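The values are calculated or read from the model by the stated rules, or taken from the named source; none is laboratory data. It should be emphasised that the depicted structure is a prediction, and the values quoted were computed from it without experimental measurement. We place every Cβ from the backbone using ideal geometry, glycine too, and count neighbours over all the protein chains shown. When the accessible area is computed, the model is the full protein with side chains, heavy atoms only, and any ligands, DNA or RNA have been set aside. Shrake-Rupley method; radii C 1.70, N 1.55, O 1.52, S 1.80 Å.
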Amino acid sequence: MARPLWSCRRKGTRILANPSPQSQPPSWRLLFSHPLHCLSFGLGTGLSPKAPGTVGTLLGFPLYWLLMDLPLAQQWLSLGVFFVFGIWCCEITGRALGVSDHGAIVWDEVVAMAAVLVTVPFTWAWGLAAFASFRLFDIWKPFPIGWVDQRVKGGLGVMLDDVLAAIMAIVVLQAAQGMLA
């Protein structure tokens, strides 16, 4: 009996994807084939036919809302855990897709957006500013974001360029908050 196209098998504590030799587009079938793919695709937001990164970024809001009542240190610790988990998760899904940083993988945007939201007041205006500034840096990719995006591959590369975009957005938003205070 042939193994399914997107099967996963357990080896020790690692889950390894068995991708097809040729790259396949992401699909709902792949999303539901394993919980790691579901998270990598941002619960399906990454399968949006237009602007999957932008749609996936919106999932950062509910993630932040789940964390916002925790003490600040626990919010950052949780985001750190989500970041490290994302490295593994995005690596597995990238292998299954045959593309290291496929546009449908949006867990990096989700975590990064939640991190930006931790640093701004909880208002619609600041939420919109956080969204716009993060997307600007994530799409524009000024140095060092573009450099990391080109040179760091695998799950770490997927997650790291978005963390850098979040840091740049946080710097800009902190400066704006300082000028408005």
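Quick look at the values:
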{"item": "Max mean-square fluctuation residue, GNM over the chain, Cα-Cα springs under 10 Å, options Phe122, Phe137, Phe83", "result": "Phe122"}
{"item": "Point-charge dipole on Cβ atoms (K/R +1, D/E -1) for the chain, about Cα centre, debye to 20", "result": "740"}
{"item": "Accessible area per residue in Å² at 1.4 Å probe, computed on the chain", "result": "52"}
{"item": "Listed residues Asp101, Asp149, Asp138 arranged by accessible area, highest first, probe 1.4 Å", "result": "Asp101, Asp149, Asp138"}
{"item": "Listed values [x] 25.2, 77; [y] 17.4, 53; [z] 16.8, 67, entry calculated as Rg and Dmax of the Cα atoms in Å", "result": "[z]"}
{"item": "Normalised contact order of the chain, rounded percent, pairs of Cα under 8 Å and 6 or more residues apart", "result": "23"}
{"item": "At least 27 Å along the helix axis (C-alpha) and Kyte average at least 0.0, DSSP helices within the chain", "result": "72-97, 154-180"}
{"item": "Computed [θ] at 222 nm, helices only, for the chain once each DSSP H run of length n ≥ 4 contributes -39500 (n - 2.57)", "result": "-20500 deg cm²/dmol"}
{"item": "Charge-dipole axis of the chain as Lys and Arg at +1 and Asp and Glu at -1 on Cβ define it, positive-most pick from Leu117, Pro49, Pro26", "result": "Pro26"}
{"item": "Highest-fluctuation residue, Ala125, Ala114, Ala51 considered, GNM on the chain with Cα pairs under 10 Å", "result": "Ala125"}
{"item": "Within the accessible area of the chain (1.4 Å probe), percent carbon and sulfur", "result": "70"}
{"item": "Heavy-atom SASA rank of Trp28, Trp124 (probe 1.4 Å, accessible area, largest first)", "result": "Trp124, Trp28"}
{"item": "Share of pairwise Cα separations in the range 100-181, more than 17 Å, in percent", "result": "43"}
